[in-house]
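The values are calculated or read from the model by the stated rules, or taken from the named source; none is laboratory data. Computed from a predicted model, the values in this text were never measured in an experiment. Every residue, glycine among them, receives a Cβ derived from its backbone with ideal geometry; neighbour counts consider all protein chains shown. Surface accessibility is based on the protein's heavy atoms, side chains included, excluding ligands, DNA and RNA. Shrake-Rupley method; radii C 1.70, N 1.55, O 1.52, S 1.80 Å.
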Amino acid sequence: AQKVTQAQTEISVVEKEDVTLDCVYETRDTTYYLFWYKQPPSGELVFLIRRNSFDEQNEISGRYSWNFQKSTSSFNFTITASQVVDSAVYFCALHSGGYNKLIFGAGTRLAVHP
Amino acid sequence: ETGVTQTPRHLVMGMTNKKSLKCEQHLGHNAMYWYKQSAKKPLELMFVYSLEERVENNSVPSRFSPECPNSSHLFLHLHTLQPEDSALYLCASSQDWRQGHTEAFFGQGTRLTVV
């Protein structure tokens, strides 16, 4: 079975705090891809990052960083020095198997307060 | 115009109406998708078209009918909907998974209200 679990439904932080969004996935495939998307109030999902299962290097892009750990089937997302503009719903997603299909987690709503 | 564009952005329809949602992508992708996002529920994949052929239909009721006339356009025809069909309908596109780079790019969605 393929599944993505985002256990945190909502997170509230004050500006400049660091925040980590958790993502745990399940798949039996050895080749798969993991993604993070951001959904601001306007509605569209904005692609943030793609990771394949053979690349466990952590990645940093500005204030965003991702920690991929195959041993724990986790792909966590950290925002450093959060800003109000980071307020959105964040989705973790999995693509595995021979299908054009993304499996999404339930999403984590992040509220960053001034 | 670039990216994935959906029209209309908002739609209110009665249960006996027939309407269509439109999606257009300018990214050169060959796979397109319809997702449904209801309040407090995960994103649900409804339909997938790859190379203009429907490859997935996730047990969606027949009152939703997709159409993909070419690789750049995708429609979702709606008829005799129910109030529980009210949701945000998101269109996405990507390269076919066999070509790698499976990240999907999404439109802004159509907020549908069935009254």
Practice task
Please give the average number of partner chain Cβ atoms lying within 10 Å of the Cβ of each residue in B:105-114, rounded to a whole number.
Solution key: 3
Completion exercise
Diffing region A:62-69: the Karplus 3J(HN,Hα) column from phi (6.51, -1.76, 1.60, θ = phi - 60°), in whole Hz with x for Gly and Pro, holds x, 7, 9, 9, 10, 10, 9, 10
Fill in the blank from the handout: Carbon/sulfur accessible area of the protein assembly as shown, % of total, 1.4 Å probe, equals 49
Problem - Reciprocal mean inverse distance between Cα atoms of chain A - Kirkwood radius, Å - result: 14.3
Fill in the blank from the handout: For the protein assembly as shown, the Debye formula with one identical point scatterer on each Cα and no solvent gives log10 I(q)/I(0) at q = 0.08, 0.11, 0.17 Å⁻¹ as -0.30, -0.56, -1.26
Problem - Whichever lysines have a C-alpha closer than 21 Å to that of A:K38, once near sequence neighbours (fewer than 8 apart) are set aside - result: A:K3, A:K16, A:K101, B:K36, B:K40, B:K41
Exercise for the section: At most 10 other Cβ atoms within 10 Å and a DSSP loop assignment: could you name the chymotrypsin sites (Phe, Trp or Tyr not before Pro) in region A:38-114 that fit? Expected result: A:F54
Practice task
Quote the relative contact order of region B:25-115 in percent (integer), defining contacts as alpha-carbon pairs under 8 Å separated by 6+ residues.
Solution key: 29
Practice task
Compute the whole-percent fraction of alpha carbon pairs in chain B spaced more than 16 Å apart.
Solution key: 56
Fill in the blank from the handout: Most packed first (mean Cβ within 10 Å per residue), the peptides A:8-16, A:105-113 order as A:105-113, A:8-16
Completion exercise
Sorted list, accessible surface of protein heavy atoms, 1.4 Å probe, largest first, for B:W97, A:W36 is B:W97, A:W36
Handout entry: Per-residue average of Cβ from other chains inside 10 Å of A:100-109
Key = 6
Completion exercise
Checked against the positive end of the charge dipole of region A:1-82 (+1 on Cβ of Lys and Arg, -1 on Cβ of Asp and Glu, about the Cα centre), the farthest of A:W66, A:V14, A:Y32 is A:Y32
Problem - Test item: A:37-45 mean partner chain Cβ contacts at 10 Å - result: 6
Problem - Chains B and A together, accessible area buried on both sides, 1.4 angstrom probe, square angstrom - result: 1800
Handout entry: Cysteines in chain B that, by Cβ-Cβ distance, have no pairing candidate under 4.7 Å
Key = B:C68
Handout entry: Solvent accessible area, Å² - B:C91, 1.4 Å probe, full protein context
Key = 0
Problem - Relative contact order computed over region A:40-114 (Cα-Cα under 8 Å; 6+ residues apart), in percent - result: 22
Exercise for the section: Go through region B:5-10 residue by residue and turn each phi into a ³J(HN,Hα) via Karplus (6.51, -1.76, 1.60, θ = phi - 60°); whole Hz please, and just put x for glycine and proline. Expected result: 10, 10, 9, x, 7, 9
Exercise for the section: Would you mind working out the accessible area per residue for region B:4-68, using a 1.4 Å probe, and quoting it in Å²? Expected result: 52
Completion exercise
What the Cα atoms of region A:1-49 span along the principal axes, largest first and in whole Å, is 39, 22, 16
Fill in the blank from the handout: In order over region A:21-28: 3J(HN,Hα) from phi, Karplus 6.51/-1.76/1.60, θ = phi - 60°, whole Hz, x for each Gly or Pro, gives 9, 8, 8, 10, 10, 9, 7, 9
